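Inspection log for the structure reproduced underneath, given as structure tokens.
The values are calculated or read from the model by the stated rules, or taken from the named source; none is laboratory data. Keep in mind it's a predicted model, so treat the numbers as computed, not measured. Here the Cβ positions follow ideal geometry from the backbone for every residue, glycine too, while neighbour counts run over all protein chains shown. Ligands, DNA and RNA are excluded from the accessible area calculation, which covers all protein heavy atoms including side chains. Shrake-Rupley method; radii C 1.70, N 1.55, O 1.52, S 1.80 Å.
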Amino acid sequence: MIYMDNAATTMTKKEVVDEMLKYFYILYGNPSSVYEFAGESRNAIENARKVLAGTINATPDEIYFTSGGTESDNWALRSVAKTCKNKGKHIITSKIEHSAILNTAKNLEDLGYEISYIDVDEYGMIKLQQLKDMIRSDTILISVMAANNEVGTIEPIHEIGKIAKDNDIIFHTDAVQSYGHIPMDVKKDNIDLLSVSAHKFNGPKGIGFLYINKRLDMVPLIFGGGQEKGLRAGTYNVPSIVGMAKAAQISLNNQTVKIMELKNKRNYFIKRVLKEIPYSRLNGTLLNRLPGNINFAFQFVSASELLAMLDINGVCASSASACQSESGKPSHVLKAMGLSEELSGSSVRFSISDDTTYDDINYVADKLKELIAEMRKDNEIIRYYNGNNK
């Protein structure tokens, strides 16, 4: 098997699992208990909090553990909506956000909030001038993802943060795809809320965190006991919290070098495909793109059929985000970028990792050439084009 769907989830690294194991069957105390044995778990949690805070230039008391990106996104939007409703009920987000943001925004609309959706250009980059024009006296929140999960476009977070700060508006970013893959700095970029999910950077599933600027007043999303200063109830998932911190440390170790190596592999793959497979195009930009993200449109080919054939040949890829794939709906991201329904339906995402080799890339590129040629062989439109170009 050649796994090229790391944007959906990553393998939990062995070092991460090894770090987690002792908290299952040796140091298994409930950290909320008062005795010394439970203190081992409490110490592990607070050490993880300190590690994670350091990765984004935050302080440990600004890190709150959650079940992952969806919960973090929900908490961020719903809490700001509730605590700031006396100032206004206007929220700005973009048309290419993850469904965790878009569906939460839709629910807030049903509750009487007004949501404005920023357009993007052909590369998936949000339009900053339009964002500025949308701001009103009753705008309480701007929520824009740090990098898109489908086409990998890295958004101008620094500029958005400055716009938000200059207008005294809270700024949230969904950093699920970017954290662990590119540097993040909440102070430099004026980020007030930041969502993270561990399984996107070789950590375990079902754990994440929400960075909350200490100046903000927040309300709980989940009620119960007094965990996380009373803001996020529920027994601590100690093994996963420890594993997330370990994965973060690994992902940030020699990050600059790893980013360059991954970009080289990505660009090699892109160059081969665009050169060797006719009627193919890269969706998104090459310059401001996540290091491991590649999204192609193969005209005159059904993405679902191609993915099935790749699967038979041992290659894992996807046509959109994992969450979007389950819905069976066309990609809202590609639609927002202006792609036709035909091109959207022929688009496939490959997301590589440090473990992806050039042999893997060459195998997949060769298979794509072979499979796409076979799928197109009876296509009348291609015959027409080829005949007129001779």
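Structure notes:
- Recomputing semi-axes √(5λ) of the Cα gyration tensor in Å from the coordinates shown identifies the correct label among (i) 35, 27, 17; (ii) 38, 27, 17; (iii) 91, 18, 15 as (ii).
- Take D185: with every protein chain present and a 1.4 Å probe, its accessible area is about 40 Å².
- The residues of the chain expose on average 45 square angstrom of accessible surface per residue, using a 1.4 Å probe on protein heavy atoms.
- Computed about its Cα centre, the charge dipole of the chain is approximately 460 debye, with only Lys, Arg, Asp and Glu carrying charge at their Cβ.
- For the range 75-219, with all protein chains in place and a probe radius of 1.4 Å, 47% of the accessible heavy-atom surface sits on carbon or sulfur.
- In the range 154-266, a dipole from Cβ-located charges (positive for Lys and Arg, negative for Asp and Glu) runs towards its positive end, and of V219, M244, L231 it is M244 whose Cα lies farthest in that direction.
- Membrane-span-like helices of the chain, defined as complete DSSP H segments with a Cα extent of 15 Å or more along the helix axis and a mean Kyte hydropathy of at least 0.5, are identified as 238-252.
- Protection-proxy order for peptides 253-266, 143-156, each taking the mean of Cβ atoms within 10 Å per residue, highest first: 143-156, 253-266
- Quotient of Cα Rg and 2.2 N^0.38 Å for the range 57-135, N being how many residues it contains: 1.22
- Residue-level accessible surface for I169, protein heavy atoms, 1.4 Å, Å²: 10
- Label point 7 Å beyond Cα of D18 along Cβ direction - residues of the range 191-217 with amide nitrogen under 20 Å: 201-205
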